[in-house]
Ligand code: ZN
């Protein structure tokens, strides 16, 4: 849910809005070097520098808000043939911001403030460090290469759609080959001292690398593969009532109710309808979520609303004083997913929560849910079955879909797998991990948009988020009574705990420190324990 936008917003964050267009400005590193030298000789006033720092961040917020509003409009209410004018506005605005951000004055300001870092309070120091990190990254990627990459991924997106529709990998192959080559090159710019795939992983979830993920995934696979096999022997629950006719108009009212249960303040959080659900937060006082109503599938929108509501709850919980600065919003894709999946799976797919909301649900859909018990509903929305498509996978089999992608990315970027061998390797891994035969590439290696968008190293964040969430729940259960209030439909204690441990901090800490702060050192066994316990109970193992 929201994958495209999450990926897209991650790119925005990673490149400081430059993924849309990279204006043809060649940066002269030598001149910037001399800027630093000159700067050390000059005596900028600290107060004046801090004022300029505030102004720089306010401007970044303003450009970001303007661009986000254009995207939101384009994806929600804009008429069909209106993209061209928005595209022009987006390219001018992002080019304008890029010029401001990479101007010599910005480098001078950040260098000056870093030179006086001991005099800065921790919030200012963190802001300067984050801005400097992006500033340096922008300078390391040559502008002409970035422009070429932007053009390539724009073309690859169209080709990927056609290749997927035709189930024809060969069409997409030459583009993927170039995208892989670019990623290997960019990895060298991000961090020449790291293995290329480690450098890419670090851009999406700072602090993660292959050593960490190899042991995480191995530990997980060892536990969940036998579990999935055992479930395969058992009878599956009846899910037919989830696919009765659920009119969109009723589902809209049901969404309002779900947002109310989640404690989302509707004066500050809107809901719209899009092809793919996503969350876009301008600031903590203005968050937007979207969903998609399928009239033959109640669970789809229900869990989209809860998932995106979790993302919005995170963004809306960051401290007031961090708004309109680099510290607002969620710190990484992994931590963001930990929050959305916390509400969606750990709470939303729990029996106490379903029992709490079921009477109201039966009022919205009296005929559709006639004769259905909360327990039957709980079993239906937790049906576990190996499948082909990641975005439709259940909570238990989902991480295996991620592992297939991780293995392939690792080998492609590491140079031990050729792009032409991706389909065969994909199909082999789906058989090995999930026991399913892939009928064609549309249902196989062409199903996700991430690679065509140029993104390698993103997928693990989804699985990490789920694992962080399970560990957070365990810590939360040690601190407060989680299930008593949830069983009464009261999520305020859950949200207050998450706010204190995670939300309020925004970007103030690194992702790994946020997780550690909330629930101690990362332990993949907690996630495996949670899945084992839940699904053993569901399937009577
Ligand atoms: Zn999400």
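Worth a mention:
- For region 434-541, taking the reciprocal of the average inverse distance between every pair of different Cα atoms yields a Kirkwood hydrodynamic radius of 16.8 Å.
- Fraction of alpha-carbon pairs over 24 Å apart in region 203-539 - percent: 56 percent
- Footprinting exposure proxy ranking of 505, 450, 245, fewest other C-beta atoms within 10 angstrom first, gives 245, 450, 505.
- Degrees, to the nearest 10: 104-115 long Cα axis against longest axis of the chain: 80 degrees
- Region 41-195: translational diffusion in µm²/s, Stokes-Einstein, Kirkwood Rh over Cα pairs, 25 °C, 0.890 mPa s: 131 µm²/s
- The angle between the Cα long axis of helix 492-501 and the main principal axis of the chain comes to about 30°, on a 0 to 90 degree scale.
- Taking only alpha carbon atoms, region 294-419 gives an Rg to Rh ratio of 1.08, where Rh is the Kirkwood radius.
- nm² value of the averaged projected area, convex hull over the Cα atoms of region 126-168: 4.4 nm²
- Least to most buried among 527, 430 (fewest other Cβ within 10 Å first): 430, 527
- Each of 279, 82, 274 has some number of other Cβ atoms within 10 Å of its Cβ, and from fewest to most they run 82, 274, 279.
- When you restrict to C-alpha pairs under 8 Å that are six or more residues apart and normalise by the size of the chain, the relative contact order lands at 19 percent.
- Sites residue 525 and residue 240, calculated FRET efficiency, Cβ-Cβ separation with R0 35 Å, nearest 0.05: 0.45
- Helix-only mean residue ellipticity at 222 nm for the chain, each DSSP H run of n ≥ 4 adding -39500 (n - 2.57), per residue, nearest 500: -20500 deg cm²/dmol
- Measuring between their Cα centroids, region 223-272 and region 427-504 lie 15 Å from each other.
- Rg/Rh ratio calculated on Cα atoms of region 161-241 (Kirkwood radius): 1.18
- Ranked by how many other beta carbons lie within 10 Å on average, peptides 122-128, 310-316 from highest: 310-316, 122-128
- Rounded to 10°, Cα long-axis angle of helix 122-140 versus longest principal axis of the chain: 80 degrees
Bear in mind these aren't lab numbers, they're just calculated from the coordinates by the rules spelled out. This is a predicted model, so every value here is computed, not measured. With ideal geometry, Cβ positions are generated from the backbone for all residues, glycine too; neighbour counts draw on all protein chains shown.
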